[in-house]
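The structure appears right after this line, and notes come after that.
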Amino acid sequence: MARHLSMELKMMTTKHTLAGLALLGGITLAGTGQAQDTVTLRLHHFAAPTTPVQTQYLEPWAERIEEQSDGAIQVEIFPAMQLGGSASSLYDQAKDGVVDIAWTLLSYTPNRFPESEAFDQPFLPTTGEATSMAAHEFAMDHMQDDFEGVHPIAVFAHSPGKIHTKDVSVHDIGDIDGLAIRAPSKTMNRYFAQLGAKTVGMPMPQIPEAISRGVIDGLTLPFESASALGVLDVAQNHTFFDGSHGLYTAMMVLAMNQSTYDDLSPELQKVIDDNAGLQEAQRIGQVMDTAEQAAIDDIAARGEGQMIHIAEADQSAWREAAETTIQQWIDDMDGAGFDGQALYDDASRLVEKYTQQTQ
């Protein structure tokens with residue numbers, strides 16, 4: 001009897017132990033499942049880690065994504081091409097799944113996004129906010145085929161760029177003649193070449209060394225980007241174009257790999273979608289405008305170099321040259337099978353629409 005009771009107790013103990021191990025194993029497996037369900041998105045871009053788009057937009061955007069997904073989505077940001085490749089390869093890195101998200105300029109891959117060049121035309125942009133909203137709507141209307149393979153989070157444009165020079169200053173159109181100028185796009189290179197400049201193409205990270213060593217005499221950038229790069233410590237002559245329309249801008253995209261997006265659960269896709277679209281383009285534009293003015297104010301407070309303002313009434317020669325550049329682009333687009341005039345007119349219309357809406 002005692003022996004039988006002892007065996008029963010052992011069997012009960014064994015059952016309890018196995019049940020406890022199974023429960024513990026279930027907890028461990030569940031925990032492992034949760035870890036596996038966490039998605040880490042790698043976001044790669046070309047700019048410095050101090051650029052306002054990272055510190056004031058991308059980092060808060062990543063925090064929103066993580067919070068709204070209850071931690072199921074984590075975003076890691078890699079600035080200044082830390083994951084390798086060149087700035088011109090960023091779009092394909094996102095499209096091919098080398099990274100999950102990329103921020104890049106579409107002009108880094110000339111001729112690949114021909115419709116986007118409507119926004120590269122001189123004297124098109126107003127504020128970064130309004131022009132970004134216009135760029136996003138334009139892209140959604142005209143560029144869906146171009147974005148095959150990626151899921152655009154936002155299409156946007158920077159605040160109007162200015163001319164920054166080192167040893168010379170630009171007061172009128174004749175001062176451009178003979179200068180080596182870095183411009184951001186095929187269109188603006190054509191424009192400056194028309195003014196007599198020697199145009200030099202290079203990605204943003206190479207600009208500080210190029211201006212320091214005299215490889216270029218000047219460059220075009222918004223103040224916020226030039227400040228983040230440290231360019232304003234070297235190029236201390238700054239030419240503004242007064243009036244409602246600035247010299248130029250460039251269309252950019254924050255693009256997610258389509259397969260990465262498709263593999264998310266519907267709930268997590270909604271988190272991405274709730275933080276994508278026109279309102280995100282507007283937010284980025286606002287960040288750029290605020291940072292632009294802060295950088296201008298900082299330079300003015302230092303009292304270094306000179307701020308040169310070309311009044312709107314004195315821009316006729318600049319704008320006549322711009323009309324030639326724009327018409328050349330329209331003719332090129334017509335020759336490639338696009339309606340260049342219609343694209344340019346729609347870009348202009350959208351910029352005016354959102355400029356009035358955001359005033």
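What the table below lists for this structure:
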item	result
Any pair with Cβ under 6 angstrom, 6 or more apart, that starts in the range 71-84 at a residue that is within 26 Å of Ile207 (Cβ to Cβ) and ends at one that is among the polar types (S, T, N, Q) and surrounded by 14 or more Cβ atoms within 10 Å (Cβ to Cβ)	Pro79/Gln54
Among the candidates Gly305, Gly243, residue that is over 18 Å from the mean Cα position of the chain (by Cα), open to solvent by 10 Å² or more (accessible area, probe 1.4 Å), modelled with pLDDT of 95 or more and at positive phi	Gly243
Within the range 82-104, considering residues that are at pLDDT 95 or above and in a loop (DSSP other than H, G, I, E, B), the one nearest to Val271 (Cα to Cα)	Asp100
Tally of residues being of a type in the set (Gly, Ala, Ser), open to solvent by less than 50 Å² (accessible area, probe 1.4 Å) and free of Cβ contacts under 8 Å to residues at least 60 places away in the same chain across the range 184-210	3
Candidate set: the range 312-327, residues that are touching a strand residue (DSSP E or B) at 6+ places or on another chain (Cβ under 9 Å) and not aromatic (Phe, Trp, Tyr); chosen: the one surrounded by the most Cβ atoms within 10 Å (Cβ to Cβ)	Gln315
Any hit, the range 182-200, residues being outside any helix (DSSP H, G or I) and closer than 30 Å to Asp263 by Cα	no
Residue check for Gln328: under 23 Å from His158 (Cα atoms) and among the polar types (S, T, N, Q)	no
Number of the condition not met by Val168 [criteria: (1) of a type outside the set (Lys, Arg); (2) at pLDDT below 95; (3) surrounded by fewer than 15 Cβ atoms within 10 Å (Cβ to Cβ)]	(2)
Residue list for the range 107-166, filter: β-branched (Val, Ile, Thr) and either within 13 Å of Gln282 (Cβ to Cβ) or out of contact with any Ser or Thr (no Cβ under 7 Å at 6 or more places or on another chain) (or both)	Thr127, Thr131, Val150, Ile153, Val155, Thr165
Test: residue in the range 126-145 that is free of Cβ contacts under 8 Å to residues at least 24 places away in the same chain, open to solvent by 10 Å² or more (accessible area, probe 1.4 Å) and not in a helix (DSSP H, G or I)	yes
Conditions (1) assigned to a helix (DSSP H, G or I); (2) touching a residue at least 60 places away in the same chain (Cβ under 8 Å); (3) closer than 22 Å to Gln269 by Cβ; number of the one not met by Val53	(3)
Selection status of Ser348, among the polar types (S, T, N, Q) and either free of Cβ contacts under 8 Å to residues at least 40 places away in the same chain or exposed (fewer than 15 other Cβ atoms within 10 Å of the Cβ) (or both)	no
Qualifying residues in the range 246-281 (those that are among the hydrophobic types (A, V, I, L, M, F, W, C) and in a helix (DSSP H, G or I)) - the one most open to solvent (accessible area, probe 1.4 Å)	Leu278
Some residue of the range 215-233 being open to solvent by 20 Å² or more (accessible area, probe 1.4 Å), at pLDDT 95 or above and assigned to a loop (DSSP other than H, G, I, E, B)	yes
For Ile299: the one exception among (1) farther than 23 Å from Asn111 by Cα; (2) at pLDDT 95 or above; (3) under 25 Å from the mean Cα position of the chain (by Cα); (4) not small (Gly, Ala, Ser)	(2)
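The values are calculated or read from the model by the stated rules, or taken from the named source; none is laboratory data. Just so it is clear, the model here is predicted, and its values are computed rather than measured. Counting neighbours? That spans all protein chains shown, and the Cβs are built from the backbone with ideal geometry, glycine included. Ligands, DNA and RNA are excluded from the accessible area calculation, which covers all protein heavy atoms including side chains. Shrake-Rupley method; radii C 1.70, N 1.55, O 1.52, S 1.80 Å.
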